[in-house]
Amino acid sequence: MKKNYFAVCDSNEKYCRRLTEYLRDNLEFSFDYVSFTDVKIMDEFFTGRTPGLVLISRECLALLEELGNMEKYQNTIVLDEEMMTEDPQRLGIVLDMKNNQGRLGKYLPAGRIKESVIWYCAEYPDRFRDIGLKPGTGQCSVHGFYTPLSRSGQTTLAGRVAEGLSEERRTVLICLDAYSPLTKMFGGEPELDITDLIFLDDLNPGKFALNLERVKKSVNALDIIPPPKTTKQCRDIGYSQLMELIGHLSGDCGYRNIVIDLKDGSDDLFDILRSCDKVYTVTRLNDDDEYRMDRYKKILLENGYEDVLNKTIKCCVPHIKNSEFYDMCVSSLVRGVEVLDPWFGT
């Protein structure tokens, strides 16, 4: 298979090495990453090889232009030492659409440089059809969290279980709750969310992995797709859209675990639960909540969703402030074991 190279070129060896390592570790496109401190060596390397994308200092670019071989460097982002202003719409990058070239401040934080690279690739999708996350087999486990109980701590539990799963296998968390506390983890309201990911996929088919990189947030090893901003947007994400999304995440992006935090409102709720490999349902030990759970069970049975009950893992967990027992419950759920008693009896 033809390799797709991402080259970083800067005369400062430490800067070049550290930036390349950061991008290799955090930009999850299927590039082969290479770095150079000598323009001539880079140009020789790309004799007979095609650079997919080159991140190069302004000084090195001038030397490269003197060699007269610029025609093979079709996609270039220039690291400009003197560029101080940032375009908020492009995360610091200024695009020259005519020359397929980008320019951004060399001394921006590495995270902003990474985001600028993503935006650059998104602006020229036809030039990056072969990049994406390392593809998967399409085989994954879908973990659905749903309870008819209010103020149950479901989202927190879903996030903790997802984090536990991510320690072993690539995991993504999808939340369909407009009021989800997950947004606190991002340090502010995310610019893009799951509705934008669906829209971008419709607009540019075949570029899901690239669009996902623009939308997702990461907390340690766990990737999170931010929730919609309104309850109506949550309701509008139906079964077919969610199944298409799951197909992309497992097939195009290689996720082995997909965790979905579900709330009431979707007309397709029961069908979504049926599509999950496991359903986690928070329960509580009091008469009112036991009545609600009985009603939920009865509705499932009356509508032919007995299979949802058969794959349900019941979760009766202690308050999160009881950290020792809460952590034990999360560990148990990660292993797929029911937690029926708030003091960790099963």
Wholly enclosed helices (runs of 4 or more DSSP H) of the stretch 142-222 bearing at least 3 residues more than 12 Å from the chain's Cα centre (by Cα) and in the same structural domain as PHE270 (by TED's automatic domain parsing): 154-166, 194-203
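Of the residues that make up the stretch 7-18, is at least one touching a Lys or Arg at 6+ places or on another chain (Cβ under 7 Å) and under 19 Å from VAL117 (Cβ atoms)? Before you say what the answer is, go through the steps one by one.
Initial filter on the stretch 7-18 (touching a Lys or Arg at 6+ places or on another chain (Cβ under 7 Å)): none.
Checking the stretch 7-18: not a single residue is touching a Lys or Arg at 6+ places or on another chain (Cβ under 7 Å) and under 19 Å from VAL117 (Cβ atoms).
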Of the criteria (1) touching a Lys or Arg at 6+ places or on another chain (Cβ under 6 Å); (2) free of Cβ contacts under 8 Å to residues at least 60 places away in the same chain, which one GLU191 fails: (1)
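One residue is enough: does the stretch 4-17 have a residue meeting the conditions crowded, with 16+ Cβ neighbours inside 10 Å and hydroxyl-bearing (Ser, Thr, Tyr)?
Pass one, the stretch 4-17, residues crowded, with 16+ Cβ neighbours inside 10 Å: 4-10, 15-16.
Those still in the list that are hydroxyl-bearing (Ser, Thr, Tyr) too: 5, 15.
Yes: the stretch 4-17 contains one or more residues that are crowded, with 16+ Cβ neighbours inside 10 Å and hydroxyl-bearing (Ser, Thr, Tyr).
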Some residue of the stretch 80-92 being at pLDDT 85 or above and either surrounded by 16 or more Cβ atoms within 10 Å (Cβ to Cβ) or in contact with a Gly (Cβ under 6 Å, 6 or more places away or on another chain) (or both): yes
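Evaluate the following for LEU301: is it more than 22 Å from LEU165 (Cα to Cα) and at pLDDT below 85? Talk me through it step by step, then tell me what you get.
Details: more than 22 Å from LEU165 (Cα to Cα): yes; at pLDDT below 85: no.
No.
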Residue that is nearest to GLY68 (Cα to Cα) [pool: residues in the stretch 1-41 that are assigned to a loop (DSSP other than H, G, I, E, B) and aliphatic (A, V, I, L, M)]: MET1
Only one of ASP193, ASP201, ASP177 that is in contact with a helix residue (DSSP H, G or I) (Cβ under 8 Å, 6 or more places away or on another chain), acidic (Asp, Glu) and at pLDDT 90 or above: ASP193
Complete set of residues in the stretch 36-61 that are among the aliphatic types (A, V, I, L, M) and over 12 Å from PHE6 (Cα atoms): VAL39, ILE41, LEU61
Scan of the stretch 272-291 for residues that are within 34 Å of the chain's Cα centre (by Cα) and farther than 22 Å from GLN241 by Cα, ordered by number: THR281, VAL282, THR283, ARG284
Pairs where the first residue, in the stretch 324-346, is modelled with pLDDT of 85 or more and the second is in a strand (DSSP E or B), C-beta under 8 Å, 6+ apart: CYS329/CYS315; CYS329/VAL339; SER332/VAL339; LEU333/TYR280; LEU333/ILE313; LEU333/CYS315; LEU333/VAL339
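Inspect all residues belonging to the stretch 284-302 and state whether any of them is touching a residue at least 24 places away in the same chain (Cβ under 8 Å), assigned by TED's automatic domain parsing to the domain that holds THR171 and polar (S, T, N, Q). Steps first, please.
Quick first cut of the stretch 284-302, residues touching a residue at least 24 places away in the same chain (Cβ under 8 Å) only: 284-285, 289, 292-293, 295-296, 300.
Right, trim to assigned by TED's automatic domain parsing to the domain that holds THR171 and you get 284-285, 289, 292-293, 295-296, 300.
Narrowing further to those that are polar (S, T, N, Q): none.
Scanning the stretch 284-302 turns up no residue that is touching a residue at least 24 places away in the same chain (Cβ under 8 Å), assigned by TED's automatic domain parsing to the domain that holds THR171 and polar (S, T, N, Q).
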LYS314 being surrounded by fewer than 18 Cβ atoms within 10 Å (Cβ to Cβ), farther than 22 Å from ILE258 by Cβ and not aliphatic (A, V, I, L, M): no
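The values are calculated or read from the model by the stated rules, or taken from the named source; none is laboratory data. Only a predicted model underlies this, so the values are computations on that prediction, with no experimental measurement involved. Cβ atoms come from the backbone with ideal geometry, glycine included; neighbour counts cover every protein chain shown.
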